[in-house]
Structures are given as C-alpha cells and as structure tokens.
Amino acid sequence: MARSVPRPIVRVQDRLALIAGFDPKSRAGVTEGMIRRDLTEVTSYWLQLVVSVGIATLGLVLGSTAVIIGAMLIAPLMTPIINLGMGLACGSPFLVLRASSRVALSVITAIGSAAGITLLLPFHEFNAEIAARTSPTVLDLLVASFCAFAAVYAALRAGSDTTSTAAGTAIGISLVPPLCASGYGIGAGSWAVAGGAAMLFLTNLVAIIVVATLCFLLVGFNQVEVAGLERDELSHGGNAPIARSLARRLARAFESPGGAWLRMLMPLVLLGVVYVPLRRALDEVAWEFRVRGKVRQEIAKLGGKIVQSRVRVERHQVELGVVLVGTTNQASEFRRKLDADVREVSGVTPKIEVLAVPDAKAFAGLESDLQRAEGPLVVAAPSASENLDGARALVSSAIERRWPARSAGAVLQVSVEVTGQPVPVRIAHLGSAVDETARETLELSLESELGQPVRVSTRAIPSGEILRDGNDAQFLARLAELSGASRDLSGLRLCLQAAAAAPLREKQASSEEQFTDALGEILAEHPRLTRLDGEDWRAWVTRASCGPSAEVPSPKLAPD
C-alpha cells in the first residue's frame with residue numbers, strides 16, 4: 001500500500017465500503033475517473049450548465065415548479081462539488097484545484113447569465129418561487145446534508161440501480177435555481193433577494209463538501225495513491241505549467257504532518273461561516289411559529305364570534321386583522337388584550353385591526369380576503385344600509401395602509417360617503433401637499449383594494465412652525481391659514497407661543513396693539529388653542545400637547 005494508514009483503520013474502512021455495497025479494490029478506479037477528463041466532458045458540462053441556467057431563470061420568472069425541477073435534473077454542478085470532496089478526502093491537490101476552479105467559474109457563469117436574462121425582461125416580479133429561495137435556515141443545511149449522502153452513494157455505485165437516486169438528489173438539493181434567483185435579484189436591483197439566494201447556494205455547497213469529504217474518508221479513499229494519477233493526467237493534458245505549479249504548492253501543504261487535518265479544516269471552516277446566519281434564521285422561524293400559535297389561540301377563544309381573520313407574521317413584524325360579531329366596545333377590548341398578549345410573546349409592537357359587525361348577515365355584504373396568508377386587508381364597501389360605520393372604518397383602514405406617510409405626513413381625518421359612485425374620499429393630513437401623481441396612484445391602489453372606483457381629494461395642513469420674524473402681515477396671513485385649516489379637525493391643536501411684552505414707544509405700542517387685535521380676531525373662534533410664553537412669537541399645530549410650558553390664558557384669545 002502506497003500510503004501509510006494504520007492497519008486497524010484500513011480494516012474498518014474496508015468493512016464500511018462493503019456495507020455500502022462498494023468494492024474497496026475499485027477505489028483507485030473511481031478516483032481516476034474523477035481526475036481524468038477529456039474535451040467531450042468539458043463541452044458537455046458547460047452546455048448543460050448554460051441550458052439549465054436558462055431554464056431555471058425562466059422557471060423562476062414564470063413561477064413554474066415543474067420547469068425549475070427540469071433545470072435541476074439537467075444541471076451538472078453537483079459533479080465538480082463531489083469531486084472537490086473527493087480531492088480533500090484523498091489528498092489530491094490537482095483535483096481540489098480543478099474542482100474548486102470549476103465550481104467558482106460555474107457560479108459566476110450562472111449568476112451572470114441569470115442577471116443578463118433578467119435585464120432583458122420587461123417586468124421584474126418577485127413571486128413565491130423566488131421568495132422560497134431567499135430565506136435559508138439550519139433546516140436547509142440538514143436537507144442538503146441528507147441529499148449529499150445520496151449523491152455520494154450514487155457516485156460510488158454508478159449504474160442503473162442508482163439512476164433514480166441521482167435524479168432524486170438533483171431535485172432534493174437546489175444548486176442552480178438559487179444561483180439563478182441570486183442573478184435575478186441582481187438584475188432586478190434587489191440585493192436582499194440576491195444575498196438570500198446566494199446564502200442558500202452556499203449552504204448547499206458547504207453541506208455537499210463536508211458530507212462528501214467525510215463519506216469518502218470513511219470508505220477509505222485516503223488510501224489511494226493519487227500522485228501517479230495526477231502525473232498521468234497532467235502529461236495527458238499537455239504541459240499545464242500553471243496547474244502543475246499550483247498543485248505542487250498545495251501538495252506540500254497536504255503532505256505535511258498536519259495535512260490531513262488541514263484538508264478537514266477547510267470544509268469545516270465553511271460550515272462554521274454559514275451556520276451562524278442559518279441558526280439566526282431558524283430562530284426567526286421559531287419566533288414566527290410561537291407568535292402565530294399565540295394569536296390563533298387567542299382567536300380560538302372567541303369561537304363563533306370570529307367571522308374572518310388574517311395573521312401575518314414575518315421578519316419580526318406582526319400584522320393582524322380580525323372581524324368579529326359584537327359591539328365596538330367588545331372589539332376594542334379584544335384588540336387591547338390581543339395587543340398585550342402578542343407584545344408579551346413576540347417582543348415587538350404589533351399592528352392590529354379589530355372590526356365589529358352587529359351580526360354575520362351584516363358582514364355578508366363585505367367582500368374580504370382576510371383568509372390570505374399575505375397581503376393587505378381587501379374589502380368592498382357595503383351599501384349604506386349595511387353597517388355604515390363598519391364600512392367607513394374598513395375604508396379608512398385601507399387608506400391608512402396605502403397612505404404615503406413618509407412624504408405626505410400623518411393622516412388626521414378621513415371622510416367617506418360609501419353611497420357615492422365613485423366613492424368620494426376626503427383626506428386631511430399633517431404634512432406636505434400630495435401631488436397629482438401620488439393622488440392618482442392612491443386612487444388606483446384604493447380601487448384595487450376596495451373593489452370600487454374611488455375619487456380622492458386631499459387637504460394638507462402645514463406641519464412646521466411659522467415665525468414672526470419682522471413681517472407682521474405675513475405672519476398673520478399664515479396664522480389665519482393655519483387656524484382655518486385646523487379649526488374643524490377635532491384631533492388637532494393649535495399652539496401659539498407669545499413673546500413677553502417689552503417697553504415700547506408710542507408708535508411701536510400702536511403697531512403692537514393692532515397686531516394683538518388682529519391676532520384676537522383670527523383666533524377668537526378656534527376651539528383648541530393653547531398659548532405659551534416664550535422668547536419669540538411662533539405658531540404650529542400638533543396632535544399631542546403643545547409643550548412643557550405652563551398655559552397662560554390671554555384676554556384677547558378664546559380659552560382652551
């Protein structure tokens with residue numbers, strides 16, 4: 001025997017090989033088959049890879065599981081990864097270098113081709129097939145490990161009896177589809193999708209390398225003398241000076257006293273790199289299951305009172321929608337309890353919507369897709385005779401979800417007449433005015449969600465402060481505009497900070513008196529006015545309290 005392997009270990013390895021149905025005497029032949037290659041094999045490999053990438057990318061775009069499975073069966077990427085595991089097990093630097101370079105070049109080709117195809121598409125939609133390949137966990141690592149066992153078994157016993165095993169392995173472990181999903185994410189400009197899919201491929205790659213290396217070691221491939229096989233392949237393939245030089249350097253590392261441990265350490269380091277994020281992702285999945293279970297438990301307590309419900313729990317966000325038979329007070333109480341329970345089990349602030357209808361018959365007029373696992377609450381506004389208050393609440397809730405709060409500020413009041421066609425919706429908000437494009441987009445979104453045509457009008461109330469900076473006329477004009485806009489909104493308070501009076505000359509006193517009189521006329525009818533003392537004059541509107549300063553009544557202004 002060319003390699004020095006302790007005799008007891010040799011006997012154990014031979015015994016394990018026989019148990020697996022593999023003849024120990026054929027180890028050299030299997031290794032030689034992996035080291036040797038010809039031009040036909042190279043051409044076939046790259047042709048199959050390109051074809052499988054095209055099929056998988058289009059299958060992901062179409063959301064077709066059958067097409068994606070077809071790409072899995074064609075994809076040849078499993079072969080160089082198994083060869084890499086063999087190279088680490090038997091200590092073949094040439095096989096390690098060639099297999100790893102082919103894997104790296106295949107990854108670049110697959111991702112680049114998928115990104116190029118994506119750029120040529122007229123649309124970029126992230127469907128369920130793409131989303132399913134962007135959130136790997138430790139469970140995916142375990143699945144890949146079992147599939148890798150099957151792949152090694154098929155490699156050791158090539159023949160008709162392992163054909164179905166090889167096909168099942170190709171389907172069970174996903175290699176080309178996640179690479180194509182990563183390329184799709186790059187082409188569509190979504191780095192979250194690209195990174196998640198790349199992590200799934202890396203997970204499967206690491207599992208195959210680790211399992212293949214261990215299995216090949218267990219059945220004794222470290223006993224094979226590979227130096228002669230490598231010399232024959234290098235001489236058969238020409239001078240190959242670069243491959244020869246790199247293989248010689250790596251061979252020195254493999255043949256060192258700790259070379260065997262080095263070969264095992266390489267895949268184990270990769271395993272450690274992927275395990276941490278995969279474990280974190282698994283904890284996230286476990287958290288989602290706990291939260292869903294708690295929500296369903298609380299909903300089940302109400303039994304037949306629940307007409308419809310929707311639960312969405314993902315990425316540490318919780319959204320709940322419930323319609324129950326009862327009163328508004330009962331809905332509020334259930335929402336309060338549900339909010340407290342979900343906060344306790346999840347540690348996050350949930351977004352909960354609980355609506356009450358007087359009976360199931362009244363709810364029959366509402367078309368809702370609350371049963372959907374994903375997506376917003378979708379309802380059709382009922383007629384005026386079918387629970388107008390509940391219908392208005394549903395319309396207001398839909399607006400709240402669709403409202404561009406980042407650019408237009410918070411919604412203060414929604415007025416809707418559900419009997420009109422199209423449904424007239426008037427929205428008062430605290431922030432910048434909504435441009436025509438945003439308004440039309442909001443109308444289209446609401447029409448899609450409510451199932452009826454909608455006409456939206458908006459009323460913007462400035463959210464910033466106005467200052468008396470020497471131009472009294474401008475300050476009073478803007479204050480009158482702010483006062484008039486906020487006067488009829490019950491949730492809005494007008495805050496006025498008045499500067500302390502200072503000794504004035506006669507002309508200045510007359511001007512200040514005119515200013516005060518005009519101020520009193522503007523604000524005399526305002527129902528929610530708070531006056532504060534300060535260093536200068538300023539005014540603003542708010543939905544909260546005006547500030548920590550004590551409120552000082554003014555003889556010229558209406559009391560708070």
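Numbers at a glance
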| read-out | value |
| --- | --- |
| Those residues of region 486-514 which are in a loop (DSSP other than H, G, I, E, B), at pLDDT 75 or above and open to solvent by 90 Å² or more (accessible area, probe 1.4 Å), in sequence order | none |
| Qualifying residue in region 161-173 (condition: modelled with pLDDT under 85, hydroxyl-bearing (Ser, Thr, Tyr) and open to solvent by less than 30 Å² (accessible area, probe 1.4 Å)) | yes |
| Every residue from region 105-135 that is under 18 Å from MET78 (Cβ atoms) and in a loop (DSSP other than H, G, I, E, B) | ARG133 |
| Qualifying residues in region 305-319 (those that are open to solvent by less than 80 Å² (accessible area, probe 1.4 Å) and at pLDDT below 75) - the one nearest to ALA281 (Cα to Cα) | GLU314 |
| Selection count where residues are exposed (fewer than 13 other Cβ atoms within 10 Å of the Cβ) and part of a helix (DSSP H, G or I), scope region 449-483 | 1 |
| Within region 521-535, tally of residues that are open to solvent by 10 Å² or more (accessible area, probe 1.4 Å) and in a helix (DSSP H, G or I) | 2 |
| Helices (runs of 4 or more DSSP H) lying entirely in region 188-271 (those with 3 or more residues that are at pLDDT 80 or above and of a type in the set (Gly, Ala, Ser)) | 191-218 |
| Total residues in region 50-63, condition aliphatic (A, V, I, L, M) and surrounded by 22 or more Cβ atoms within 10 Å (Cβ to Cβ) | 4 |
| Region 3-23: number of residues that are closer than 14 Å to PHE216 by Cα, surrounded by fewer than 16 Cβ atoms within 10 Å (Cβ to Cβ) and over 47 Å from the mean Cα position of the chain (by Cα) | 5 |
| Yes/no for GLY33 being within 25 Å of MET264 (Cβ to Cβ) and surrounded by fewer than 17 Cβ atoms within 10 Å (Cβ to Cβ) | yes |
| Number of the exception - ALA66 against (1) within 22 Å of ALA151 (Cα to Cα); (2) buried (at least 20 other Cβ atoms within 10 Å of the Cβ); (3) among the aliphatic types (A, V, I, L, M) | (2) |
| Residues satisfying the stated conditions in region 11-32, i.e. acidic (Asp, Glu) and in contact (Cβ under 8 Å) with a residue 60 or more places away in the chain | ASP14, GLU32 |
| Subset of region 320-336 [within 29 Å of the chain's Cα centre (by Cα) and open to solvent by 50 Å² or more (accessible area, probe 1.4 Å)] | ARG335, ARG336 |
| Matching option when the condition is among the hydrophobic types (A, V, I, L, M, F, W, C), in a helix (DSSP H, G or I) and under 26 Å from GLN223 (Cα atoms), among VAL30, VAL50 | VAL30 |
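This table checks each residue for (1) surrounded by 14 or more Cβ atoms within 10 Å (Cβ to Cβ); (2) among the aliphatic types (A, V, I, L, M); (3) modelled with pLDDT under 85; (4) under 18 Å from LEU202 (Cα atoms).
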site: ALA110; (1), (2), (3), (4): yes, yes, no, yes
site: LEU120; (1), (2), (3), (4): no, yes, no, no
site: PHE126; (1), (2), (3), (4): yes, no, yes, no
site: ILE130; (1), (2), (3), (4): yes, yes, no, yes
site: LEU141; (1), (2), (3), (4): yes, yes, no, yes
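The values are calculated or read from the model by the stated rules, or taken from the named source; none is laboratory data. Nothing here was measured: the structure is a model prediction, and the numbers come from that model. Cβ coordinates were reconstructed from backbone atoms using ideal geometry, including for glycine residues, and neighbour counts include every protein chain displayed. Ligands, DNA and RNA are excluded from the accessible area calculation, which covers all protein heavy atoms including side chains. Shrake-Rupley method; radii C 1.70, N 1.55, O 1.52, S 1.80 Å.
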